[in-house]
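Working notes, beginning with the structure itself.
Read-outs throughout are calculated quantities, based only on the coordinates presented, and are distinct from any laboratory measurement. Bear in mind that the values here come from a model prediction, so they are computed numbers and not experimental data. So basically every Cβ, Gly included, is an ideal-geometry build from the backbone, and we count neighbours across all protein chains shown.
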Amino acid sequence: MERTLRGHHLLCVHGFQGMGYSPAFVKEMDGIVKDIRNGEKDFSIKVVKDLDDTCQACPHNGGTICVASEGSDAHVKSMDQRVIEHLGLIEGKAYTKSVLVEWTARAVKPDDLDHLCEGCSWLPYGVCKEGIEILRNVK
């Protein structure tokens, strides 16, 4: 199995609490999150700065771009780029899930999300920072 995830979704998965853009999106994200949080499973994740597996079920999927609002595609791609750079990843390359989780736990602090996820509508809920804190304490 190989998953494709946007750079910023590498962080979202750790704070996901069942909220989302639509029931279909929540269901898709929930499946991905369960796979990532399952310590018994390891698989390949291709890191992209583009639509990914979760985007396929999103109501804002415009086919090739995010159409949530004017400028949303550029905004999410900028978050992807910041996360990819912060983790020292190469866009388009596949990594094992366990390596990505370990690197995230080591390299990302909850307060880093203020910069990495700047402008994200989910950031004010605090669940993402909580998820990163839990990840750091488990690893």
Condition met for His115 (surrounded by 13 or more Cβ atoms within 10 Å (Cβ to Cβ) and either part of a helix (DSSP H, G or I) or in contact with a Ser or Thr (Cβ under 9 Å, 6 or more places away or on another chain) (or both)): no
Given (1) touching a helix residue (DSSP H, G or I) at 6+ places or on another chain (Cβ under 6 Å); (2) farther than 18 Å from Arg3 by Cβ; (3) among the β-branched types (Val, Ile, Thr); (4) not in a helix (DSSP H, G or I), index of the condition Ile132 fails: (4)
Checking Asn137 against (1) in a helix (DSSP H, G or I); (2) over 17 Å from Asp35 (Cα atoms); (3) within 14 Å of the chain's Cα centre (by Cα), the condition it does not meet: (3)
